[in-house]
Amino acid sequence: MNNSVAGTARLSGAGLRALLVLTIVCGVLYPLAVTGIAQALFHDKANGSEIKDKTGRVVGSSLIGQTYNLPRQNPDDPEEAAEPDLKWFQPRPSNGLGTNSVNTRYSLVLSGATNRAGDSEDLIAWVTDAKAAVIADNSTATHQVKPEDVPAEAVTSSGSGLDPHISPAYAQLQVHRVAERNGLDVRQVEKLVREHTEGRQLGFMGEPRVNVLELNTALKALAED
């Protein structure tokens with residue numbers, strides 16, 4: 001009996017010591033080491049790839065898209081379509097301008113697409129309506145957008161519904177409208193797009209792209225100067 005009690009006590013003590021050691025190593029030292037390395041080597045990414053305006057205020061993350069819409073006339077009506085605020089560069093469709101996404105407002109609690117096939121009548125209707133809206137919204141008194149100039153991502157949502165990027169072609173298509181709405185010279189806005197066009201990763205992976213939030217943050221600073 002005494003041997004049994006002593007053995008149980010030894011095993012319990014060893015288990016408690018192992019629990020204490022593992023708690024300190026895995027629950028304290030390891031997280032502190034990983035956090036320290038991340039902050040030292042990847043400070044921006046570790047903190048969420050935040051984007052700040054010229055005042056230093058955080059306006060979002062470069063990893064997550066945002067909508068740029070006018071305030072709703074009736075905020076309590078969930079069926080009311082939000083109208084895009086056309087003084088800003090617009091991202092890929094999320095709501096109103098082509099509703100082919102299950103993520104209607106770049107909401108972080110929901111990610112995904114509709115998975116409709118290319119011959120889906122709903123998808124065809126969404127894309128057709130979105131294309132007409134892109135042409136109408138971006139045509140100005142001095143610049144007419146042609147249907148063949150509308151890129152695919154202007155009328156389709158991304159697979160995740162969270163994509164923060166558009167192609168340089170879609171950004172360029174919006175230049176005349178953005179310049180007119182903000183009282184800027186077209187060449188100023190074109191320069192802004194060029195400055196915020198990212199090349200292929202490692203020179204060969206992916207496609208050139210423009211981060212809409214970064215571009216609009218720079219546009220706001222330019223318009224306020």
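Filtered by the rule that a residue be closer than 30 Å to Lys220 by Cα and charged (D, E, K, R), segment 1-52 gives Asp44, Lys45, Glu50, Lys52. Just so you know, in segment 156-185 the residues that are within 16 Å of the chain's Cα centre (by Cα) and of a type in the set (S, T, N, Q) include one that is surrounded by the fewest Cβ atoms within 10 Å (Cβ to Cβ), and it is Ser160. As for segment 160-167, it holds no residue that is β-branched (Val, Ile, Thr), under 18 Å from Pro91 (Cβ atoms) and in a loop (DSSP other than H, G, I, E, B).
Within segment 46-71, residues that are in a loop (DSSP other than H, G, I, E, B) have Cβ atoms under 8 Å from residues that are basic (Lys, Arg) and at pLDDT below 85 in these pairs: Thr67/Arg105, counting only partners at least 6 apart in sequence or on another chain. When Ala132, Ala136 are checked against the criterion of being in a helix (DSSP H, G or I) and surrounded by 11 or more Cβ atoms within 10 Å (Cβ to Cβ), Ala132 stands alone in meeting it. Regarding segment 188-204, can at least one residue be identified that is closer than 23 Å to Lys146 by Cβ, part of a strand (DSSP E or B) and modelled with pLDDT of 95 or more? Yes, segment 188-204 contains at least one residue that is closer than 23 Å to Lys146 by Cβ, part of a strand (DSSP E or B) and modelled with pLDDT of 95 or more. Among the residues of segment 1-41, those that are surrounded by fewer than 11 Cβ atoms within 10 Å (Cβ to Cβ) and within 30 Å of Val212 (Cα to Cα) comprise Ala40, Leu41.
The values are calculated or read from the model by the stated rules, or taken from the named source; none is laboratory data. This one's a predicted model, so the numbers in the text were calculated from it and none came from an experiment. Here Cβ is always computed from backbone atoms with ideal geometry, including for glycine, and neighbour counts include all displayed protein chains.
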